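One structure is given here, and the rest of the page talks about it.
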């Protein structure tokens, strides 16, 4: 539950950590900077550029009588540079930056929140594609068996022997790195472990008596898969899911750490870790990133156990 | 009377706060054959295990005196000395009770080295002698065989050799013959009796099979739900059972009450097979396996007919091809030869198959694996309607499901007790088997293939289920193809009998002919073993 709460919170990251105020009243009219960009001229500035709400001049204008602004609890976005920090970057935790800043002056808390969100969404997407591909191929292999099974198995063996990391390096050199590209590449290799589990379950379940009884009733292949074999084969899938997700988070983090992951500028836990390595005396960077990672992975593991118990009709009753 | 070998008093065994054995007491005399009888869940195995303190996670209290020492309170070390040496145990399933990675000779020799302090060479020689004594041919060669290289009967003999290696004073035999074919059961019991006479050891036989008790034991102890409800000499208990439960157990031999049709009328044939063959592809051994698949023929040309409203009983031991015959007649296995259901044959067109599926339905042996654990009763029983009468609305379907459940006696009329939304694991074995019958009956088939429909059930439940099947046959004129290894079931149910051995039909004919004048030695052997 704690994990779900963390994910939901991070989905609303814009409301928690943002350099733009949530709501502004300026000279009688209402502005919603969190959703819309306003040029500085709106608030009495000189330039047509988007407003920098942390600029002391703008702050002063917004603080005039009759005007007000509601800021996010943590008034920094993931890319916001704190030009007005009192200590050199990376600066230690202070009242302005609760967890300090990184070596470019970006707020660490904001980075962690947005980085966590990217990781989780990425892992979720990767898991979903992995499960769909894995269950599909596993089901086909296990249910039909024989030659189909053999062909798929050999294909998986060949596919699985391709060096994933080198492919990633090559592709990140050829194409402009992007989250979508990374997702596609990792998905292509992420389904094999699961498909083995599903295949084994299908092979076991398809020769059980209730499947035979369904065949004797004249139920079609597709219906047998859907009603009888699949639901009884999903236990390993469900148990596997959170581990798959934590695996995906770790994969993304380590790729980012190596600089092969998401494009620069995207908030990412891996990039923070590599900053922590480069600025070893800025303990707040490595320590807080580490804490977020451990907590995430731990919660995912607990979730796996809970999910499996919850989905078992035999246990649900007692 | 001499001093008893074991005196158990007020033995209580509890698992996680729930008591499974409620303060029982009994004694075993030296050299006595005592049988402990009860149905599954009666606490008989737990009782035996707790004598050796082998029951896991159990809280055991009470007293079990063995030669003046209390087995239940003595130090673990002393008890370990007794186990195997003075008290030995044999288990139901020799395949899992033997270590698959050691040869049987090594396993027997290990006991001898541990308990008797023999050297390697001595113990090996002794092991071979033991194996020879249990009647395994070619003992020196068999001693270096691994458990999977032996047949079921040989494995159980090896287990016995291992248990008796140190000439124990008490042998605990937990369903020693249940996993074996009928014709082997007698031999194994004979073997245990022989050792018992020679060594003067006492035997505690745990079983649910009253035939065994009658043949083997001197005294019997009947257990129900953790209580000993009756005990006494076998002859007396069987002749004059006092407790109603004992009476029920003794009456549980299935009674014959099938539909007796007027014999004059020419019977309609609903299923006919001639020269029915089924083969499985197997890998050839050695180099030949590279060039093609071999074939193992499980069914070597069977001829049979099933008549309308009658039961054809197929009897045989494991590996005789009787289950293969069942699957082939359901069209679930590719077969050669002619098989007609009414006028139709399997595998001609998809629509024809579908029509035949409606005519031939099946009930499997194990009600725990034949019902999908993740579907509700309504989904399981109603599935056939989804396929064969897709036009029905959900409400109509539910109505039919309820009717089918009433037909099999699972619910009373007008009272569904919320059964529809329950899952299979909430039902007992007998109830599950009724569910499986309801699932088959809902599409109103003419023929029901019953593949060992009662072998997984307790004897009293078996009687009820067979009674139900007989009633349904009378009421609906169903034809049964009944596969079983149990002569009692055949005697109660069948009109015609097919005896199978090694994939071949060795004898067939009407029930009376086959049972009273068996033509084949094999049939006589089967009948004798079951008597």
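The values are calculated or read from the model by the stated rules, or taken from the named source; none is laboratory data. This structure is a prediction, so every number in the text was calculated from the model and none was measured. Cβ atoms come from the backbone with ideal geometry, glycine included; neighbour counts cover every protein chain shown.
A few points about this structure:
- Some residue of segment B:431-446 being surrounded by fewer than 21 Cβ atoms within 10 Å (Cβ to Cβ), under 29 Å from residue B:523 (Cα atoms) and within 14 Å of chain A (Cβ to nearest Cβ): no
- Residues of segment B:361-373 satisfying the condition of being crowded, with 22+ Cβ neighbours inside 10 Å and facing chain A (nearest Cβ under 7 Å): B:361, B:362, B:364, B:370, B:371, B:372
- Taken together, A:242, A:263, A:231, A:267 contain a single residue that is under 30 Å from residue A:81 (Cβ atoms) and either within 14 Å of chain B (Cβ to nearest Cβ) or surrounded by 20 or more Cβ atoms within 10 Å (Cβ to Cβ) (or both), which is A:267.
- For segment A:209-219, the set of residues classified as touching a helix residue (DSSP H, G or I) at 6+ places or on another chain (Cβ under 8 Å) and free of Cβ contacts under 8 Å to residues at least 12 places away in the same chain consists of A:212, A:213, A:215, A:216, A:217, A:218, A:219, listed by residue number.
- Per the conditions (1) more than 11 Å from chain A (Cβ to nearest Cβ); (2) without any contact (Cβ under 8 Å) to a residue 24 or more places away in the chain; (3) part of a loop (DSSP other than H, G, I, E, B), the sole criterion not satisfied by residue B:396 is (3).
- Every residue from segment A:203-222 that is closer than 10 Å to residue A:143 by Cβ and either outside any helix (DSSP H, G or I) or facing chain B (nearest Cβ under 7 Å) (or both): A:206
- Residue in segment B:458-474 that is without any contact (Cβ under 8 Å) to a residue 60 or more places away in the chain, closer than 18 Å to residue B:306 by Cα, away from every other protein chain (no Cβ under 12 Å) and surrounded by 21 or more Cβ atoms within 10 Å (Cβ to Cβ) present: yes
- Each residue in segment A:27-69 was checked for being surrounded by 12 or more Cβ atoms within 10 Å (Cβ to Cβ) and in a loop (DSSP other than H, G, I, E, B), and 12 pass.
- The criterion of being more than 29 Å from residue B:484 (Cβ to Cβ) and either within 14 Å of another protein chain (Cβ to nearest Cβ) or in a loop (DSSP other than H, G, I, E, B) (or both) holds for residue B:348.
- Of all residues assigned to segment B:303-322, none qualifies as being in contact with a strand residue (DSSP E or B) (Cβ under 8 Å, 6 or more places away or on another chain) and free of Cβ contacts under 8 Å to residues at least 12 places away in the same chain.
- Number of positions in segment B:374-393 that are within 10 Å of chain A (Cβ to nearest Cβ) and in a loop (DSSP other than H, G, I, E, B): 3
- Those strands (runs of 3 or more DSSP E) of segment B:410-509 in which 1 or more residues are over 30 Å from residue B:296 (Cα atoms) occupy B:479-484.
- Of the residues making up segment B:109-134, just one is assigned to a loop (DSSP other than H, G, I, E, B), touching a helix residue (DSSP H, G or I) at 6+ places or on another chain (Cβ under 6 Å) and surrounded by fewer than 21 Cβ atoms within 10 Å (Cβ to Cβ), namely B:118.
- Residue count for segment A:237-291 under the criterion of being outside any helix (DSSP H, G or I) and either touching a residue at least 24 places away in the same chain (Cβ under 8 Å) or within 18 Å of the chain's Cα centre (by Cα) (or both): the result is 12.
- Check on residue A:150, more than 30 Å from residue B:387 (Cβ to Cβ), assigned to a helix (DSSP H, G or I) and within 14 Å of chain B (Cβ to nearest Cβ): yes
- Here residue B:319 meets the list (1) away from chain A (no Cβ under 11 Å); (2) surrounded by fewer than 17 Cβ atoms within 10 Å (Cβ to Cβ); (3) more than 31 Å from the chain's Cα centre (by Cα) almost entirely, failing just condition (3).
- Residue B:166, sole failed condition from (1) modelled with pLDDT under 85; (2) more than 19 Å from residue B:28 (Cβ to Cβ); (3) part of a loop (DSSP other than H, G, I, E, B): (2)
Yes or no, residue by residue, for (1) modelled with pLDDT of 85 or more; (2) farther than 15 Å from residue B:271 by Cβ:
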{"position": "B:320", "(1), (2)": "no, yes"}
{"position": "B:328", "(1), (2)": "yes, no"}
{"position": "B:339", "(1), (2)": "yes, no"}
{"position": "B:360", "(1), (2)": "yes, no"}
{"position": "B:368", "(1), (2)": "no, yes"}
{"position": "B:378", "(1), (2)": "yes, yes"}
{"position": "B:386", "(1), (2)": "yes, yes"}
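- Which numbered condition residue A:137 fails, given (1) over 20 Å from the mean Cα position of the chain (by Cα); (2) closer than 27 Å to residue A:195 by Cβ; (3) free of Cβ contacts under 8 Å to residues at least 24 places away in the same chain: (3)
- Residue match in segment B:508-516 (condition: surrounded by 20 or more Cβ atoms within 10 Å (Cβ to Cβ) and free of Cβ contacts under 8 Å to residues at least 24 places away in the same chain): yes
- Flag not set for residue A:21, criterion: modelled with pLDDT of 80 or more and either under 30 Å from residue A:124 (Cα atoms) or outside any strand (DSSP E or B) (or both).
- Restricting B:406, B:352 to residues that are surrounded by fewer than 20 Cβ atoms within 10 Å (Cβ to Cβ), over 27 Å from residue B:269 (Cβ atoms) and touching a strand residue (DSSP E or B) at 6+ places or on another chain (Cβ under 8 Å) narrows the list to B:406.
- Qualifying residue in segment B:146-155 (condition: closer than 24 Å to residue B:52 by Cα and at pLDDT 85 or above): yes
- Check on residue B:427, at pLDDT below 90, over 19 Å from residue B:401 (Cα atoms) and either surrounded by fewer than 20 Cβ atoms within 10 Å (Cβ to Cβ) or under 21 Å from the mean Cα position of the chain (by Cα) (or both): no
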